[in-house]
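One structure is given here, and the rest of the page talks about it.
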Amino acid sequence: MSETFTARVWVLGDDIDTDIIIPTEYLALKTIDDMKQYGFSPLRPELAAQIQPGDVIVAGKNFGCGSSREQAPEIIKALGIRAVIAKSFARIFFRNSINNGLLLIENGDLHDAVKEGDEIEVTMGERIVANGKEFPIASLPQNLLDIINAGGLVKAMRKRNGLD
Amino acid sequence: MGMTIAEKIIAAAAGVDSVKAGDIHTVELDRLMSNDGTTHLTIDMYNNKLKNPHIADVKKLVWIIDHNIPSDSPKTAASHKKMRDFAREHGIDFWEGKGVCHQIMMENYVRPGELIFGADSHTCAYGALGAFGTGVGCTDYLYAMVTGKSWLLVPETIRFNLTGKLREGVYARDLILTIIGKIGAAGASYMAMEFVGDGMKNLTMDDRISMCNLCVEAGAKTALMEVDDIALDYLHARGREPKHCFKSDEDAVFAAEYDIDLATIEPIVARPDFVDDVIPAKEALGVKIDEAFLGSCNNGRLSDLRVGADLIRGRKVHPLVRFLVVPASNEVYEAAIKEGIIQTFMEAGAIVMNANCSVCWGSCQGVIGAGETLISTGTRNFKGRAGHPDSKVYLASAATVTASAIKGEITTADKL
């Protein structure tokens, strides 16, 4: 039986870049917890304080484009975001998210069918239900799911490669 | 079925005869570059998250402090010290204050046919020497550093067949911005961008590095070029030999192919806040600027500085503009001193800085304030990229940036 969860939606646009997710000037802060209050601040300064654990972000195409800074997915995860659902993801961000245990879901149609504050129901690897409509979603390959479920690549690596 | 350059490099790194786009392979890395943007995070994970960690092959590691050099705060200094101490303890090749990481890699390490991870998105620059360079985050970097390996999805390739020659006053920067504008910021997502054709012989190594470097702004995983005499001359002048010189097979499959006549390219600017939002520079004339930046891994090489110096010789930087000139490496800097280029910039009133990433990454020196506008040869113009969220960045060639620094507003060299 696939895992199902419901979540409140925050809607962002196309090409949300890593400098928006976490501007360079805050990268010098000591911890991700210190940085997370500035997440998305160039675009939506109020957003980080309003996100509740378990919420999801629904975005347009090319989410996470730009720099390789891994603080970007780490901050989204630290803010409590359960998943980012976008039309598409930039590749370095995609890898970094998997490696940090942040769930990413690709869907081309959901973004145009939800508004901020909507509640959606996600059934992993099967579908999203939003405003009475169903949106099919693919499952990630098992090796990537294993990394996410382990809580990220470092933890998966400890398990798998016996580095402990 | 034939293979592309990208497929051939991955096949070699995976130790198999052939691969095809869409396959996932475990690959052995040839080189692992990391800079002070994220190395402190890699070290923290290495020291605190792993028990009895080890480095698979320390000779493959190159660590470079270039993003915040000289350090601008006690926090940065502590991060640099962590990196410096770890590099010394483990015998890692370590560079500090000698230039922007990708320029140092091109000058000293990259060999055709290699597969290189860099903990920096612009690692795709190494394709100018026929190497598969790709950007990764610090966790992927850590995994590769500890195991010597990683996994890669074999990318599809978009091929650009270039013919002809850029016109006088038009540069590689205009060409690559035009291409990114054409295919979009996600136009090459997860893909390789390959550049071939007769037009390549009219593009110098500086041009080629600039082109490959910016391909990540179209979402590309890597950029690749064939290894010709121009590339071999560059390599041999630095005492290196290729690992493999690959070309795509005639029956290789491409996701898309574009023919571009270089003579059709014109001066271009990318408007705030997206690299793919490009317009002909002549349509941006008159936009007032507060700062101009000539430098970065994209356009801080000797030919870029020559273009700027030739324009500004006998002229002055506009009194309301700060003009930052930042050589991409000390090799470039010293050559520019010998040619009198640095003297020319200083006489014109430019601020000449040490080789580093500077305002291109919006920390350290040169950041701009609320309401200010920068014209830059840097890599990105995202919202807030160069400082305050309410500032603006235009991207353009060394010529357009220098001309604008002189006029105090966006202009092209022919309008001076």
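The values are calculated or read from the model by the stated rules, or taken from the named source; none is laboratory data. Since the structure is predicted, the reported quantities are computational estimates derived from the model, not experimental observations. Ideal geometry is used to build each Cβ from the backbone, glycine not excepted, and the neighbour counts take in all protein chains shown.
Okay, here's what the table says:
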| item | result |
| --- | --- |
| Selected residue (only one of B:Glu339, B:Glu347, B:Glu334 is more than 23 Å from the chain's Cα centre (by Cα) and over 22 Å from B:Ala172 (Cβ atoms)) | B:Glu347 |
| Residue check for B:Ala87: more than 30 Å from B:Ala218 (Cβ to Cβ), surrounded by 20 or more Cβ atoms within 10 Å (Cβ to Cβ) and either away from chain A (no Cβ under 14 Å) or out of contact with any strand residue (DSSP E or B) (no Cβ under 7 Å at 6 or more places or on another chain) (or both) | yes |
| Per-region count, the range B:147-167, residues modelled with pLDDT of 95 or more and not in a strand (DSSP E or B) | 8 |
| Hits in the range A:90-134 (condition: of a type in the set (D, E, K, R) and assigned to a strand (DSSP E or B)) | A:Glu106, A:Glu119, A:Glu121, A:Arg127, A:Lys133, A:Glu134 |
| Matching entry among B:Tyr394, B:Tyr333 (being among the aromatic types (Phe, Trp, Tyr) and not in a helix (DSSP H, G or I)) | B:Tyr394 |
| Test: residue in the range B:36-59 that is of a type outside the set (Phe, Trp, Tyr) and assigned to a strand (DSSP E or B) | no |
| Scan of the range B:170-194 for residues that are in contact with a Ser or Thr (Cβ under 9 Å, 6 or more places away or on another chain), away from every other protein chain (no Cβ under 12 Å) and aliphatic (A, V, I, L, M), ordered by number | B:Val170, B:Ala172, B:Leu175, B:Ile176, B:Leu177, B:Met193 |
| Residue match in the range A:28-50 (condition: under 29 Å from B:Ser150 (Cα atoms), surrounded by 21 or more Cβ atoms within 10 Å (Cβ to Cβ) and at the interface with chain B (Cβ under 7 Å from one of its Cβ atoms)) | no |
| Single residue of the range A:136-145 satisfying the filter (more than 11 Å from chain B (Cβ to nearest Cβ) and loosely packed, with under 14 Cβ neighbours inside 10 Å) that is nearest to A:Ile120 (Cα to Cα) | A:Pro136 |
| Residues located in the range B:105-146, provided they are more than 9 Å from chain A (Cβ to nearest Cβ), closer than 25 Å to B:Leu232 by Cα, small (Gly, Ala, Ser) and not in a loop (DSSP other than H, G, I, E, B) | B:Ala125, B:Gly127, B:Ala128, B:Gly133 |
| Members of the range A:59-89 that are part of a strand (DSSP E or B) and closer than 17 Å to A:Ile148 by Cβ | A:Phe63, A:Ala83, A:Val84, A:Ile85, A:Ala86, A:Phe89 |
| Per-region count, the range B:273-287, residues surrounded by fewer than 19 Cβ atoms within 10 Å (Cβ to Cβ) and outside any loop (DSSP other than H, G, I, E, B) | 4 |
| Residues of the range B:256-272 that turn out to be crowded, with 18+ Cβ neighbours inside 10 Å and either in contact with a Pro (Cβ under 9 Å, 6 or more places away or on another chain) or part of a strand (DSSP E or B) (or both), as a count | 5 |
| Criterion (in contact with a strand residue (DSSP E or B) (Cβ under 7 Å, 6 or more places away or on another chain) and either surrounded by 15 or more Cβ atoms within 10 Å (Cβ to Cβ) or more than 8 Å from chain B (Cβ to nearest Cβ) (or both)) met by exactly one of A:Ala72, A:Ala86 | A:Ala86 |
| Residue in the range A:9-53 that is farthest from A:Ala86 (Cα to Cα), counting only those that are of a type in the set (Asp, Glu) and within 15 Å of the chain's Cα centre (by Cα) | A:Asp17 |
| Subset of the range B:168-190 [of a type in the set (A, V, I, L, M, F, W, C), closer than 14 Å to B:Tyr258 by Cα and not in a helix (DSSP H, G or I)] | B:Ala188 |
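To keep it simple, each residue is scored yes or no on (1) within 14 Å of another protein chain (Cβ to nearest Cβ); (2) not small (Gly, Ala, Ser).
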position: B:Cys357; (1), (2): yes, yes
position: B:Gly366; (1), (2): yes, no
position: B:Thr377; (1), (2): no, yes
position: B:Lys383; (1), (2): yes, yes
position: B:Ala386; (1), (2): yes, no
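Yes/no per residue for (1) modelled with pLDDT under 95; (2) among the hydroxyl-bearing types (Ser, Thr, Tyr):
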position: B:Trp63; (1), (2): no, no
position: B:Lys75; (1), (2): yes, no
position: B:Met83; (1), (2): no, no
position: B:Arg88; (1), (2): no, no
position: B:Phe94; (1), (2): no, no
position: B:Tyr109; (1), (2): no, yes
position: B:Ala119; (1), (2): no, no
position: B:Gly127; (1), (2): no, no
